[in-house]
1. When you scan segment 27-40, do you find a residue that is in contact with a Leu (Cβ under 7 Å, 6 or more places away or on another chain) and farther than 18 Å from Y88 by Cα, even just one?
2. Would you please list the contacts, defined by Cβ atoms under 6 Å and residues six or more apart or on different chains, that run from a residue in segment 1-28 that is closer than 26 Å to A75 by Cβ and free of Cβ contacts under 8 Å to residues at least 40 places away in the same chain to a residue that is of a type in the set (S, T, Y) and surrounded by 15 or more Cβ atoms within 10 Å (Cβ to Cβ)?
3. Could you grab the pairs with beta carbons closer than 9 Å, sequence gap of 6+ or different chains, first residue in segment 55-81 and at positive phi, second one buried (at least 17 other Cβ atoms within 10 Å of the Cβ)?
4. Just checking, does segment 81-89 include any residue being among the charged types (D, E, K, R), surrounded by 12 or more Cβ atoms within 10 Å (Cβ to Cβ) and not in a loop (DSSP other than H, G, I, E, B)?
5. Filter segment 90-119 down to residues that are modelled with pLDDT of 95 or more, in a loop (DSSP other than H, G, I, E, B) and loosely packed, with under 12 Cβ neighbours inside 10 Å, then give me how many there are.
6. Restricting to segment 20-48, name every residue that is buried (at least 18 other Cβ atoms within 10 Å of the Cβ) and more than 13 Å from the chain's Cα centre (by Cα).
7. Just the residues that are among the hydrophobic types (A, V, I, L, M, F, W, C), at pLDDT 95 or above and out of contact with any helix residue (DSSP H, G or I) (no Cβ under 8 Å at 6 or more places or on another chain), please, taken from segment 1-34.
8. Out of the residues in segment 1-19 that are assigned to a loop (DSSP other than H, G, I, E, B) and either surrounded by 16 or more Cβ atoms within 10 Å (Cβ to Cβ) or of a type in the set (K, R) (or both), which is farthest from the chain's Cα centre (by Cα)?
Amino acid sequence: MSSDPNCVFCKIIEGKIPSRKVYEDDELFGFHDIAPWAPVHFMLVPKRHIASMAQLTPDDAALMGRIMTLAPKLALEQGCRPYPEGGYRVLVNTGTEGGQEVHHLHVHVMGGPRPWLRG
């Protein structure tokens, strides 16, 4: 498993920086955002260091599929209400101009009672 010794998310995955863990398996790690935008706000990250969506290859399709199918399950476990009355937002920022602040692929899952939702 590749990691970047200077990456804050790699350090969180390795336990060098504490986090509020939501999920962990051999490939994925989930943890609460330290600056949440919503009542429920956590991130899912691959344990293998992938800098962004722009670096994904066809070999990563199963990994991304796992993230996208795990997100709804964890959203409900973390307090989001079920669809269609409830729901959540799934967001991936890519690159500096796309708003990515930590250059380790991460999928934000945000939800809970509005008014946090904008646009």
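The values are calculated or read from the model by the stated rules, or taken from the named source; none is laboratory data. Note that the structure is a prediction, hence the values are computed from the model and not measured. All Cβ positions, glycine included, derive from the backbone under ideal geometry; neighbour counts span all protein chains shown.
1. Filtering segment 27-40 for residues in contact with a Leu (Cβ under 7 Å, 6 or more places away or on another chain) gives 27-28, 30.
Narrowing further to those that are farther than 18 Å from Y88 by Cα: 27-28.
Scanning segment 27-40 turns up at least one residue that is in contact with a Leu (Cβ under 7 Å, 6 or more places away or on another chain) and farther than 18 Å from Y88 by Cα.
2. I12/S19
3. Here the result reads G79/V40; G79/G111; G79/G112, each pair linking segment 55-81 to a residue that is buried (at least 17 other Cβ atoms within 10 Å of the Cβ).
4. Among the residues of segment 81-89, at least one is among the charged types (D, E, K, R), surrounded by 12 or more Cβ atoms within 10 Å (Cβ to Cβ) and not in a loop (DSSP other than H, G, I, E, B), which makes the answer yes.
5. 2
6. A38
7. C7, V8, F9, C10, I12, I13, I34
8. In this case the residue turns out to be K16.
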